[in-house]
Structures are given as C-alpha cells and as structure tokens.
Amino acid sequence: MSHHIVEVEDLKYAYPDGTQALNGLSFRITHGESVAIVGANGAGKSTLLLHLNGYLSSPGGKVRIGDFPLTRETVADIRKTVGMVFQDPDDQLFMPTVFEDVAFGPANLGLADEEVERRVVDALTRVDALRLKDRPPYRLSGGEKRAVAIATVLAMSPSILVMDEPTSNLDPAARRQFIELLATFHHTTIIATHDLDLVLDLCARTIVLKEGRVVADGPTLELFADEALLAASRLEKPLRMQGCPVCG
C-alpha cells in the first residue's frame, strides 16, 4: 500500500449555479512525482484540487488516495495524508501567532505538547521561518505568509503536498526562495499554477486542463514545446523558452 498515489477517474463536478467545472477528468500520480496542473482561468484547476482531500465531493467519478477511495468515511484520514496549501495564505493563518497557527493541526490530532512543539519547530525550520514563531501572521510579508502556510501543512506530516497558485503575489526574490524550498521536498507534489517557468523548475510532468477536461498529460518540456497545444489551451511558452527579443 502507498499513501502517496493519487488516482482520479472520470471526475465530474457542477457548481450550484449549474456551471460545469469538471467534465470527466482521469489521471494517476505515483509516489514521489512532482506534477503541474495548468490551464487557462476557468479550466478547472482549483476545483480539481479541492476534490483531492474532500473539500469538494461529487457523485460523478472517483478519487482514490493510496488504496482508499475518498468517501465520507475516509475523508478524515485522507486529510492527514493530503496537505493542501491554498492560493491565499490568509485562508490558512488565523491564530494570534505563527507558532499557534502551525501548532493548530497537530494539537487537534491529540498529540502530546512535546510532540506538537517538535513538529512546529521542525516545520518552521524547514521553511526557514523559525524566527517568525512569535510574530502575528497579519504582520508578515507575502513571502513569509506563504512559508508559514506551508509549515502549517508540513507539521501534519502529509505524504502528498497539494498547492494552488503558490507563487501568486510573491516578489521575484520571494518567488526564487520559494522554488528553492520546494526543490528540497520529497513529497508527492501537485501544483496548480499559471507560472510555467515555476513548472520548468519543479515538475517533470504536466497535466493540461481545458474546460474541465484533460487535453494533454506528459513530459513538461514536450508539452511546452507544442505551440498548437499551448495556443488551444490559452497558454504561452515559459519566458525562458521564448528566446531573447533583443538578441534573437
């Protein structure tokens, strides 16, 4: 059994207003893969991610994490396996201090105080944010908030890390630091993003979505070299693949 495997089969989802966000998605991600989910706005990226640990559920299709289907009965255990980092860190940071935010999840697992503190220190150290432990989250920069949001997930010791637009609103220095941080992880990682240069840095495999469907799934470099695919999916080549406009 591997808790690191993610399988999605014929997943469909419509919002209450009738918007069909997912139209029969299927893919399989195996242990240790780092996979990007890309597509234009409205392609279904965020909706898909919210299905991977049960924030959204649908009778149309199946989600499996390891050997277990995601159901009402298994969702609590699966949320311990799949750690979700939301697009806006403010959706995850709500306690008076950084330490309390990172401790919230482990404490709610019923762990001893010593184990909670160990996890908090370890998670904040991994994201180079231990110095922030006594700071209120609202006083942090965007990059610091992002690091702490990741630490709240790492403190839960997930097997799978899921991230929605992790570099949005980061300045160039914070973005580079974030990429270097992610490159040290050994989790199965799923990243939904518009930042295709980030994908080149971190993800050997890319899944392209359009109108709630998978239109391509394969090696990142091959897909990003397919100009017809990118145009049809309303995507552009990463900047480093476009060539210099000055020197040609």
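Exactly one residue out of 76, 40 is under 29 Å from residue 235 (Cβ atoms) and small (Gly, Ala, Ser): that is 40. If I filter the stretch 1-21 down to residues being assigned to a strand (DSSP E or B) and under 18 Å from the mean Cα position of the chain (by Cα), which single residue comes out as surrounded by the most Cβ atoms within 10 Å (Cβ to Cβ)? Residue satisfying both the conditions and the ranking: 6. The set of residues from the stretch 206-217 being basic (Lys, Arg) and either outside any strand (DSSP E or B) or surrounded by fewer than 18 Cβ atoms within 10 Å (Cβ to Cβ) (or both) comprises just one member, 213.
Could you check, for the stretch 114-122, whether at least one of its residues is of a type in the set (A, V, I, L, M), farther than 20 Å from residue 175 by Cβ and surrounded by 20 or more Cβ atoms within 10 Å (Cβ to Cβ)? Checked the stretch 114-122: at least one residue is of a type in the set (A, V, I, L, M), farther than 20 Å from residue 175 by Cβ and surrounded by 20 or more Cβ atoms within 10 Å (Cβ to Cβ). Residues of the stretch 108-145 that are basic (Lys, Arg), under 22 Å from the mean Cα position of the chain (by Cα) and closer than 30 Å to residue 68 by Cα: 119, 126. Those residues that are part of a loop (DSSP other than H, G, I, E, B) and farther than 19 Å from residue 158 by Cα, I need them from the stretch 176-197; list them, please. Passing the criteria: 193, 194, 195. Assessment of the stretch 140-153 against the conditions (crowded, with 21+ Cβ neighbours inside 10 Å and not in a helix (DSSP H, G or I)) yields no matching residue.
Readers should treat all values here as calculations from the given coordinates under stated rules, not as data from a laboratory. The structure displayed is predicted, hence computed values, not measured ones. Quick reminder, even Gly has a Cβ in these numbers, built from the backbone with ideal geometry, and neighbours come from all protein chains shown.
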